[in-house]
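Heads up, the thing below is written out as structure tokens.
The values are calculated or read from the model by the stated rules, or taken from the named source; none is laboratory data. Small disclaimer: the values here were computed from a predicted structure and weren't measured. Cβ: placed from backbone, ideal geometry, glycine included. Neighbour counts: every protein chain shown. Please note that ligands, DNA and RNA were not included when accessible areas were found on the heavy atoms of the full protein model with its side chains. Shrake-Rupley method; radii C 1.70, N 1.55, O 1.52, S 1.80 Å.
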Amino acid sequence: MASLWAGGALLLWVLLGWVAGQPGAAPKAPDPSKIPEAYANDMKNFRTGLIHAFLLRGLPFNYAEVPEYLHPLALCASEAGIACPEQVTSSAHLGRTAAPRSTLYEYISQRDPRDIFGFDNADLPQRLEVRPGLILPEVPMGSLKGDKRRGNILLTSEMKLSHDAQQLDYLVDRGRLPGDFRDIAAYYRATIARFKAMALNSTYESWLLDQDFHRNTYHMYGMAVYYPLSDLSAPLAAHGSALAPRNWTAVEEAYMRGEVLAIDGFLREWAYRELYRFCLEATVYYEVKPNYLGAYWNEGFGHSLLEQVALELRRAFPNAIGDLPLINVWSYKYGQRDSRGGIAPHCDAAIVNVNFWLAPDSANLDPTSGGLRIYVDRLDEEDIMKVNSIAGTSVPEGARYKDVPHRCNRAVIFDSDLLHETMPFHFKEGYEHMRINLTFLFGEGTWKRGGGEAPTEPEP
């Protein structure tokens with residue numbers, strides 16, 4: 001665990017030059033009295049994402065050990081309010097597994113790919129966007145540039161295959177998966193070598209996979225191979241709050257004054273360790289992006305601790321967040337080094353942006369960088385849309401910014417209308433040294449309310 005500044009002190013960077021832009025219609029003020037209702041909706045969305053993942057990504061190897069309340073059929077029968085379609089409740093492959101599997105080959109013998117690939121467009125709740133059907137086309141091994149489809153089983157990259165191979169080895173080393181899963185890790189590495197032998201760009205170009213690849217990896221690529229079980233010695237509720245104690249009233253007042261908050265020691269030690277372990281073990285980083293991977297709450301990036309963090313953020317910021325809808329939660333994992341930074345300047349379509357980092361400080365080889373650059377001059381809606389939507393559009397010349405370097409368990413909380421980008425980073429080699437961030441987005445951004453159109457996930 002990284003060293004924290006004395007007493008886990010709160011650091012507040014006051015961003016000067018807060019220039020009034022041209023926001024859209026004023027949002028409805030958060031209502032603290034409706035936080036319980038908002039939290040119930042958060043749980044519904046997180047758990048619907050698990051159903052979505054198990055439906056379209058197959059059942060994890062350890063499905064028999066997953067707590068009963070997280071099984072799709074149990075979720076559909078619960079009081080969570082999830083509107084499960086008939087094809088979920090009647091799907092045989094979502095049923096309770098009789099006994100734990102012990103080998104890779106026992107696992108694949110019980111897995112029929114048709115159960116997964118047969119769903120072209122599952123009728124999940126309208127709030128969640130359904131990915132295209134996971135259909136395997138007859139295509140040769142090769143590259144495919146400029147394809148915007150992400151998170152499917154057709155595209156990969158050196159970053160993705162290397163990450164997945166390292167993750168399988170990590171899970172085997174810790175006894176989460178049996179040793180024969182190393183066969184798949186080895187095939188991923190062999191595939192990287194084959195692509196490189198074809199002289200394809202291995203860093204920023206997507207690669208197109210064929211049926212032979214999927215047959216040789218037993219249709220595991222892009223699937224829900226392992227869902228982490230809690231390492232906590234007692235139920236979550238017994239551990240108390242996940243956010244570290246501090247004067248949250250003063251913190252919220254600073255945010256309401258227009259400050260960007262950088263908070264060291266954001267999570268309690270137990271909560272930090274649980275989320276870091278979850279990100280290392282969960283095979284849910286499906287989206288392939290340039291030099292980083294994405295996992296999202298609507299497709300399996302779900303944990304009861306994430307639900308608790310969302311609730312505690314609402315309570316800590318009753319007047320800034322309160323009952324604002326939680327519109328997205330994601331985690332990104334990055335390669336070890338990128339002098340250009342990870343994500344280009346953008347605004348996320350939200351009101352409040354909560355971003356925090358999990359990699360240990362010992363992994364970061366440049367402690368002056370690796371975090372976020374936040375532009376302190378508010379742009380008008382037209383300029384925001386240009387930067388967000390037009391590839392290669394840069395931040396206006398002379399725009400002022402504040403750099404917030406990467407620190408383990410540091411949160412950065414700011415108005416999501418501010419442009420921000422990943423700073424250049426340089427981390428150690430090795431799976432446990434990857435740069436990992438988590439993002440919670442609350443509320444619908446002012447520029448989007450004003451009629452603009454832009455994604456709530458940043459495009460690189």
- Query: How about the range 155-194: which of its residues are of a type in the set (Ser, Thr, Tyr), part of a helix (DSSP H, G or I) and in contact (Cβ under 8 Å) with a residue 60 or more places away in the chain?
  - Reply: Tyr170
- Message: Please pick out the residue among Phe301, Phe266, Phe278 that is open to solvent by less than 10 Å² (accessible area, probe 1.4 Å), at pLDDT 95 or above and under 23 Å from Phe61 (Cα atoms).
- Response: Phe278
- Task: Only one of these is within 16 Å of the chain's Cα centre (by Cα) and in a loop (DSSP other than H, G, I, E, B): Ala359, Ala344. Name it.
- Result: Ala359
- Note on the structure: Just one listed residue, out of Ala363, Ala350, Ala316, is small (Gly, Ala, Ser), in contact with a Lys or Arg (Cβ under 6 Å, 6 or more places away or on another chain) and either modelled with pLDDT of 95 or more or open to solvent by less than 20 Å² (accessible area, probe 1.4 Å) (or both), and it is Ala363
- Message: Given the options Trp270, Trp248, Trp297, Trp207, name the one that is out of contact with any Leu (no Cβ under 8 Å at 6 or more places or on another chain) and of a type outside the set (Val, Ile, Thr).
- Response: Trp248
- Task: Being within 14 Å of Asp377 (Cα to Cα) and under 18 Å from the mean Cα position of the chain (by Cα) is the filter here, so list the residues in the range 402-418 that pass it.
- Result: Ser416
